[in-house]
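The values are calculated or read from the model by the stated rules, or taken from the named source; none is laboratory data. Owing to the predicted nature of the structure, the values given are computational and were not obtained by experimental measurement. Every residue, glycine as well, gets a Cβ built from its backbone with ideal geometry; the counts of neighbours run over all protein chains shown. To get the accessible areas, we keep the full protein, side chains included, count just its heavy atoms, and leave off ligands, DNA and RNA. Shrake-Rupley method; radii C 1.70, N 1.55, O 1.52, S 1.80 Å.
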Amino acid sequence: MDLFLKNIKSQTYALNGWDFISAFANIPFTFYFKNPGQSDFMSSSLLRASFLRTLQEFPIMAGHLVVRDTRGYIVVDKNNLNMPEYAESQSCIDYKFVEAGKFSWDALPHPVSTVTA
């Protein structure tokens, strides 16, 4: 995290119409990973490090949506970052049941949400 905060630069990204519209939509993504029996499978520290590395490559993810003169922008202000939430969770449902259900939303616990309000 320190490396990200040290290297981020304040920038403004102009959005085109599609970018601007999609900023108001939540497209949920759920990823499934089958543990092949490894005790160190999906290490929390490695997942978090990957998340921070992604932010370094895509600092726009830490910006604020701003509208100026009917145009949309993402403003990354190094002194006022809009950091995405990093969260991990586990399900009590065994992978084999989700796989047998062809990864359908119906195979997940209800209600499922990939974001918090």
Between 0 and 90°, nearest 10: helix 44-57 axis offset from the chain longest Cα axis: 30
In order through the range 72-79: 3J(HN,Hα) via Karplus (6.51 cos²θ - 1.76 cosθ + 1.60), integer Hz, x for Gly, Pro: x, 9, 10, 10, 9, 10, 4, 9
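How many Å² of accessible area per residue for the chain, probe 1.4 Å?
Working: 9310 Å² over 117 residues.
Value for the chain: 80 Å² per residue.
Pairs of Cα atoms under 8 Å, at least six residues apart: use those to get the relative contact order of the chain, whole percent. Before the final figure, lay out each step's value.
On the way: 92 pairs, mean separation 38.0, N = 117.
Rounded, it is 32 percent for the chain.
Regarding the chain, what's the average projected area of the Cα-atom convex hull, expressed in nm²? Each step should come with its number before you reach the end.
On the way: hull surface 38.7 nm².
Directional mean of the projected Cα hull area for the chain stands at 9.7 nm².
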Sequence ranges 1-13, 65-77, ranked by mean other-Cβ count within 10 angstrom, highest first: 65-77, 1-13
Percent accessible area from carbon and sulfur atoms, the chain, protein chains only, probe 1.4 Å: 56
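What FRET efficiency, computed as 1/(1 + (r/R0)^6) with R0 = 30 Å and r the Cβ-Cβ distance, is obtained for residue 48 and residue 21, rounded to the nearest 0.05?
On the way: r = 31 Å, r/R0 = 1.04.
Calculated transfer efficiency: 0.45.
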Efficiency of FRET between residue 77 and residue 100 - r from beta-carbon atoms, R0 41 angstrom, step 0.05: 0.30
